[in-house]
1. Being within 24 Å of residue 132 (Cβ to Cβ), part of a loop (DSSP other than H, G, I, E, B) and either in contact with a helix residue (DSSP H, G or I) (Cβ under 9 Å, 6 or more places away or on another chain) or modelled with pLDDT under 95 (or both) is the filter here, so list the residues in region 1-42 that pass it.
2. What are the residues in region 132-145 that are within 20 Å of the chain's Cα centre (by Cα) and without any contact (Cβ under 8 Å) to a residue 12 or more places away in the chain, if any?
3. Can you tell me which residue is farthest from the chain's Cα centre (by Cα) among those in region 115-126 that are crowded, with 19+ Cβ neighbours inside 10 Å and under 16 Å from residue 153 (Cβ atoms)?
4. Yes or no: region 91-106 includes at least one residue that is surrounded by 12 or more Cβ atoms within 10 Å (Cβ to Cβ) and over 16 Å from residue 38 (Cα atoms).
5. Taking only region 62-119 into account, find how many residues are out of contact with any strand residue (DSSP E or B) (no Cβ under 8 Å at 6 or more places or on another chain) and either in a loop (DSSP other than H, G, I, E, B) or closer than 18 Å to residue 167 by Cβ (or both).
6. From the list 94, 105, exactly one residue is closer than 19 Å to residue 134 by Cα and at pLDDT 90 or above. Which is it?
7. Could you say whether any residue in region 56-72 is in contact with a helix residue (DSSP H, G or I) (Cβ under 7 Å, 6 or more places away or on another chain), in contact (Cβ under 8 Å) with a residue 12 or more places away in the chain and farther than 27 Å from residue 111 by Cβ?
8. Which residue is surrounded by the most Cβ atoms within 10 Å (Cβ to Cβ), if the candidates are limited to region 128-143 and must be touching a strand residue (DSSP E or B) at 6+ places or on another chain (Cβ under 6 Å) and not in a strand (DSSP E or B)?
């Protein structure tokens, strides 16, 4: 990524069970095959843990460390404990990421970044795009009428990738 280019942020939002994670997992190889560097950030609605009770890094956190980094020859992970502070906004989290061509955001459906809504009518949930001006397209497994934004078939990953690249004004490397 060129230092002159800002990191593009694009989200996938939708109700639980709509297929956001599956779509992200299918988009990643489609986008990286085009030569782009892509990272992801995912919002979790409940407590989660990357660490294992009893391990050294877990013991460090339990003893009060604000941050614990775990590193090996293959990867590193930084775990930051809020310790009572409020959950940071997406913008603050993005600032912690290493710059890439495109950052895909899964969740954060109330965020003000551009988003594609993943919608399955069978879930019985309302369309988010009717109330959210930041949703710029919808991907669904069924036809939908009366949308003010483009509609994509949920399984048309290539078309969705092309739309994201065009919307973010990114070209394949």
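The values are calculated or read from the model by the stated rules, or taken from the named source; none is laboratory data. Remember, it's a predicted structure, so these values are computed and weren't measured experimentally. We place every Cβ from the backbone using ideal geometry, glycine too, and count neighbours over all the protein chains shown.
1. Result: 6, 7, 14, 15, 16, 17, 18.
2. 133
3. For region 115-126, the residue satisfying everything is 119.
4. no
5. 20
6. 105
7. In the first step, residues of region 56-72 are kept if they are in contact with a helix residue (DSSP H, G or I) (Cβ under 7 Å, 6 or more places away or on another chain); the result is 68, 70.
From what's left, in contact (Cβ under 8 Å) with a residue 12 or more places away in the chain: 68, 70.
Next, from what is left, pick out any that are farther than 27 Å from residue 111 by Cβ: 68, 70.
Checked region 56-72: at least one residue is in contact with a helix residue (DSSP H, G or I) (Cβ under 7 Å, 6 or more places away or on another chain), in contact (Cβ under 8 Å) with a residue 12 or more places away in the chain and farther than 27 Å from residue 111 by Cβ.
8. Selected residue: 129.
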